[in-house]
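Trainee: Quick one: the structure is below, questions incoming.
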Amino acid sequence: MSVKAGDSVTIPCLYDSQYTNHVKYLCKGYTWPSCSYAVKTNQQNSGRFSISDDKKQRIFTVTIKDLTDKDTDYWCAVEINGGPDVREYFYLSVTRGTPSLYVDHQEITGFKGGNITINCHGNSGEIAWCRLGSSCVTTSSGSIDGTRVTISRSVPNVFIVTMSGLRTESSGWYWCAKGDLQMPVHVTVTEQPTTTTLTATIHLTTLSTPEPVNVTTVFTDNSSTTVQGEQHSRSVPVDLMHFIIPLSLLIFVVMVTLCIWFVFKRHKRTKVESSATTTAQEEVTYSTVKKKKRTSAPAEEEVTYSNVTHMRKTSVKRSEAKSDVGVMYSSVVTVEQHTVRKVEAKDEDVTYSRLAQHQQNL
């Protein structure tokens, strides 16, 4: 296998069914007698090496991290009690540049009945797509264990492998082969996620006539949920109900508060006006003055008779001024008086004066 320094690589090791319960291990060294244990299935993984055993497919895999120039010669081995261990040698070509054969990903997942595509990058040599422990496809099309395989070379230095009509049995280890080089690829085939549709009818109560809203809930096996809503033209979205109910309650509370405030304000104003209203009981004096002639006196002397009548002034409602303050209005009419010598005074020479006190309205 061609690998790049500093990267990681996983190598599958196939064994026979009689070795299912045996200890498997990775041995490092050019020759078998001189190799040393790197990692074993009965020991805890540590350092740059790790190992796992798939007894169902009879494949154990080893992973080497942080590849260096010294990671070249290895052995996949199975312990045999009372006899020589079973082993298989493989070589790693560690390079600082681009490997001679590599894939984008060593782990690929597909769905049952679907397709997967693997890009195998290489320069020259014969190409092949093989399954570990099974057959290979070396032409543009073929099949491996019932799974259709097509190989395309439309891209320079890349051959594209497509596996279609995947089955559960298609899971396993495969490899790209070009010349003497191989690159392992693990394929996992899973069931297509099932979809369950649940349709429910929800009646939303609004200010207008309630209408049904169809809500479709989709459940998948990965616990994700999708909700799709279908509603009539006058129906209300489900999320909107979270805002309508609190908003209606808020509007109701505000209206009640305003009504109470207006009633209280009106009552307070009426009380203030009642306390400011007073009834002023004032007297109005009307005075009538009439001049008459004295027979025994000179014409220049006059006698004044005054008739005074007291009347009760009606109460006046005052909101701002005090009740004991008023304005005096005086109307004076002057009638020209001619000097008469010892003659009787005429009616034209009489002066009438009327005084009235009125309340000032501010």
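Trainee: Charges at C-beta only: +1 for Lys and Arg, -1 for Asp and Glu. How large is the resulting dipole of segment 1-132 about its Cα centre, in Debye rounded to 20?
Mentor: For this selection, approximately 220 debye.
Trainee: Now a separate question. Full-extension gain between Tyr37 and Ser93, please, as 0.36 nm times their residue separation minus the C-alpha to C-alpha distance.
Mentor: 18.1 nm
Trainee: With +1 on the Cβ of every Lys and Arg and -1 on the Cβ of every Asp and Glu, and nothing else charged, how large is the dipole of segment 40-87 about its Cα centre, in debye rounded to the nearest 20?
Mentor: Details: 8 positive and 8 negative charges, 42 e Å.
Around 200 debye, computed over segment 40-87.
Trainee: Please give the length that would be gained between Ile80 and Glu126 if that part of the chain were fully extended, namely 0.36 nm times their separation in residues minus their C-alpha to C-alpha distance (nm, one decimal).
Mentor: Length difference between fully extended and current span is 12.9 nm.
Trainee: If R0 is 25 Å, what FRET efficiency do you get for Asp104 and Arg153 from their C-beta distance, rounded to 0.05?
Mentor: 0.90
Trainee: Something else: Give me the one-decimal nm value for the distance between modelled label points at Leu250 and Asp73, 7 Å along each residue's Cα-to-Cβ direction.
Mentor: So the label points at Leu250 and Asp73 sit 8.1 nm apart.
Trainee: Quick one: how many Å² of His267 are accessible to a 1.4 Å probe, rounded to 10?
Mentor: For His267, solvent-accessible area is about 120 Å².
Trainee: Provide, for q = 0.09, 0.13 Å⁻¹, the log10 of I(q)/I(0) from a solvent-free Debye sum over equal Cα point scatterers in segment 1-143.
Mentor: With one equal scatterer per Cα and no solvent, log10 I(q)/I(0) is -0.33, -0.69.
Trainee: Kindly state, to the nearest 0.05, the FRET efficiency for Leu14 paired with Asp180, given R0 = 22 Å and r defined as their beta-carbon distance. The partial results should precede the final answer.
Mentor: Values: r = 19 Å, r/R0 = 0.87.
The computed FRET efficiency comes out at 0.70.
Trainee: Using 0.36 nm times the number of residues separating Tyr30 and Thr194, minus their current alpha carbon distance, what extension gain do you get?
Mentor: 54.0 nm
Trainee: Moving on. Spin-label point model (7 Å from Cα, Cβ direction): what's the Lys112 to Ser52 distance in nm?
Mentor: For the pair Lys112/Ser52, the computed spacing is 2.2 nm.
Trainee: Give me the one-decimal nm value for the distance between modelled label points at Cys136 and Ile160, 7 Å along each residue's Cα-to-Cβ direction.
Mentor: The answer from the label model is 2.3 nm.
Trainee: Of Lys28/Lys112; Lys65/Lys112; Lys28/Lys55, which sit over 30 Å apart, Cα to Cα?
Mentor: Exceeds cut-off: Lys28/Lys112; Lys65/Lys112.
The values are calculated or read from the model by the stated rules, or taken from the named source; none is laboratory data. What you see is a predicted model, and the numbers here were worked out from it, not measured in a lab. So basically every Cβ, Gly included, is an ideal-geometry build from the backbone, and we count neighbours across all protein chains shown. Just the protein is used for accessible areas: all its heavy atoms, side chains included, with ligands, DNA and RNA removed. Shrake-Rupley method; radii C 1.70, N 1.55, O 1.52, S 1.80 Å.
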